[in-house]
Amino acid sequence: MSMNSFGHLFRVTTWGESHGPALGATVDGCPPGVPINEVMIQHWLDKRKPGQNKFTTQRKEPDAVKILSGVFEGQTTGTPVQLMIENTDQRSKDYGDIVEKFRPGHADITYWQKYGIRDHRGGGRSSARETAARVAAGGLAREAIKALAPNVEITGYMTQIGPHGIDRDRFDWEQIAQNPFWTPDAQAAEDWAEYLNGLRKAGNSVGGIVEVVARGVPAGLGAPVYAKLDTDLAAAMMSINAVKGVEIGEGMAAAALTGVENADEIFMGNDGKPSYSSNHAGGILGGISTGQDLVVRFAVKPTSSILNTRQTITKSGQAAEIITKGRHDPCVGIRAVPVGEAMMACVILDHLLLHRGQIGENRGQIG
């Protein structure tokens with residue numbers, strides 16, 4: 001199976017399966033001299049780990065990361081950093097019924113058609129468990145960003161679960177870490193708890209929308225054609241399990257705007273730098289960052305593993321019924337929030353390094 005890597009200069013290769021002994025990431029291209037230790041990475045993994053509340057899978061994994069290489073005396077050496085997370089709470093027997101059957105909505109059937117072999121235990125490589133490795137790599141990326149662009153802050157949050165969205169008039173950054181849904185709307189968190197609890201008890205699931213914002217990103221990151229910053233951000237978010245749509249800035253809603261409404265007018269700020277009347281572009285113009293907030297949004301489909309009988313077929317083509325057993329998230333979007341943050345961090349660091357390699361300092365002066 002090829003194509004397990006992403007990034008240009010900051011390159012991440014993830015490895016491992018849901019029910020294997022371990023999974024992890026090999027990170028190449030991290031600059032030397034970045035202060036890092038396992039505790040610093042663990043902070044981000046703890047946001048993603050399963051079993052934290054009744055609204056996520058009850059699989060109990062500590063997701064304890066180990067740094068196996070690339071770090072000496074608390075700093076990166078510039079050589080590949082190997083990150084490993086052991087699996088400790090596999091229940092492979094839960095998946096015995098799908099050895100011959102394909103779960104609707106899962107990658108079972110496509111993996112079998114393409115490769116002629118698949119790890120049925122929890123989905124193997126297609127499992128969202130793989131995203132733990134991305135979060136570990138993202139933790140390393142965040143620390144490297146501090147050295148190159150210390151003002152960058154990356155924050156993800158949920159804006160919608162099922163048909164229920166947040167009220168942006170109640171948006172409060174401080175609320176995001178105060179509820180199990182990572183949402184900036186305290187009232188929405190209460191409403192979602194009741195709604196999702198009903199779905200959970202019914203063995204059903206629902207999708208959601210996650211928004212990730214990077215504040216303090218300098219202008220000039222990206223390139224006009226094949227290395228657009230928004231191209232790489234969209235690809236990074238779309239690669240997350242269960243993601244079916246990605247937007248930058250106004251996204252699909254821009255189609256309903258007029259040119260007058262959509263134009264982010266430009267002024268000179270009191271600090272001598274350009275300022276904008278709005279941010280419909282999501283902080284990117286022509287594939288290059290403007291210095292405004294980067295705003296990325298992605299939609300996550302309902303968790304396909306549900307405790308309701310579905311129709312399917314077997315490897316031999318026979319009709320069959322299936323109920324997916326095991327421990328699963330009623331809304332996988334909740335734990336996708338730290339994954340989206342990690343992917344944002346990896347892409348920003350990659351483009352900071354690309355920018356430094358080709359340009360160094362921005363060449364165009366205004367004023």
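Exactly one condition in (1) open to solvent by less than 20 Å² (accessible area, probe 1.4 Å); (2) within 22 Å of ARG142 (Cα to Cα); (3) outside any helix (DSSP H, G or I); (4) of a type outside the set (S, T, N, Q) is not met by VAL337; state its number.
VAL337 satisfies all of (1) open to solvent by less than 20 Å² (accessible area, probe 1.4 Å); (2) within 22 Å of ARG142 (Cα to Cα); (3) outside any helix (DSSP H, G or I); (4) of a type outside the set (S, T, N, Q) except (3).
Results for (1) on the phi < 0 side of the Ramachandran plot; (2) out of contact with any helix residue (DSSP H, G or I) (no Cβ under 7 Å at 6 or more places or on another chain); (3) part of a loop (DSSP other than H, G, I, E, B), shown as yes or no for each residue.
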position	(1), (2), (3)
THR110	yes, yes, no
GLN113	yes, yes, no
ALA147	yes, yes, no
ASN151	yes, yes, yes
ILE154	yes, no, no
GLU174	yes, yes, no
PRO184	yes, no, yes
GLU190	yes, yes, no
ASN197	yes, yes, no
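Can you name the number of the only condition in (1) buried (at least 24 other Cβ atoms within 10 Å of the Cβ); (2) assigned to a loop (DSSP other than H, G, I, E, B); (3) of a type in the set (A, V, I, L, M, F, W, C) that LEU349 fails?
That leaves (2) as the condition not met.
Given the condition of a type outside the set (Val, Ile, Thr), under 24 Å from the mean Cα position of the chain (by Cα) and closer than 22 Å to ARG134 by Cβ, answer yes or no: does some residue in the range 303-316 qualify?
Checking the range 303-316: at least one residue is of a type outside the set (Val, Ile, Thr), under 24 Å from the mean Cα position of the chain (by Cα) and closer than 22 Å to ARG134 by Cβ.
For the range 201-259, which positions are among the polar types (S, T, N, Q) and open to solvent by less than 20 Å² (accessible area, probe 1.4 Å)? Walk me through it before giving the result.
Initially, the range 201-259 is screened for residues among the polar types (S, T, N, Q), giving 204-205, 231, 239, 241, 258.
The answer is SER205, and nothing else.
Do you know which of the residues in the range 1-13 that are open to solvent by less than 70 Å² (accessible area, probe 1.4 Å) and not hydrophobic (A, V, I, L, M, F, W, C) is nearest to LEU353 (Cα to Cα)? Before you say what the answer is, go through the steps one by one.
From the range 1-13, those open to solvent by less than 70 Å² (accessible area, probe 1.4 Å) are 4-7, 10, 12-13; that's our starting set.
Then drop every residue that is not not hydrophobic (A, V, I, L, M, F, W, C), which leaves 4-5, 7, 13.
On the way: ASN4: 21, SER5: 17, GLY7: 11, THR13: 18 Å.
Top of the filtered list is GLY7.
Going by the conditions given, is GLY208 within 24 Å of ASP293 (Cα to Cα), touching a Cys at 6+ places or on another chain (Cβ under 6 Å) and of a type outside the set (A, V, I, L, M)?
yes
When the range 142-177 is examined, which residues are found to be surrounded by 13 or more Cβ atoms within 10 Å (Cβ to Cβ) and aromatic (Phe, Trp, Tyr)?
Correct list: TYR157, PHE171.
State the number of residues belonging to the range 303-325 that are part of a strand (DSSP E or B) and within 16 Å of ARG121 (Cα to Cα). Full working, then the answer.
In the first step, residues of the range 303-325 are kept if they are part of a strand (DSSP E or B); the result is 310-314, 319-322.
Next cut, within 16 Å of ARG121 (Cα to Cα) only: 322.
Matching residues across the range 303-325 total 1.
Taking the stated definitions as given, is GLY16 within 19 Å of the chain's Cα centre (by Cα), at pLDDT below 95 and open to solvent by less than 60 Å² (accessible area, probe 1.4 Å)?
yes
Is there any pair with a first residue in the range 257-284 that is without any contact (Cβ under 8 Å) to a residue 12 or more places away in the chain and under 25 Å from LEU233 (Cα atoms) and a second that is hydrophobic (A, V, I, L, M, F, W, C) and loosely packed, with under 11 Cβ neighbours inside 10 Å whose Cβ atoms are under 7 Å apart and which are 6 or more apart or on different chains, and what are they?
SER275/PHE267
Does LYS244 satisfy the condition of being among the charged types (D, E, K, R), within 30 Å of HIS106 (Cβ to Cβ) and under 18 Å from the mean Cα position of the chain (by Cα)?
yes
The values are calculated or read from the model by the stated rules, or taken from the named source; none is laboratory data. Just so it is clear, the structure is predicted and the values come from calculations on it, not from any experiment. Glycine gets a Cβ as well: all are built from the backbone with ideal geometry, and neighbour counts include every protein chain shown. These area figures cover heavy atoms from the full protein model, side chains too; ligands, DNA and RNA do not enter into them. Shrake-Rupley method; radii C 1.70, N 1.55, O 1.52, S 1.80 Å.
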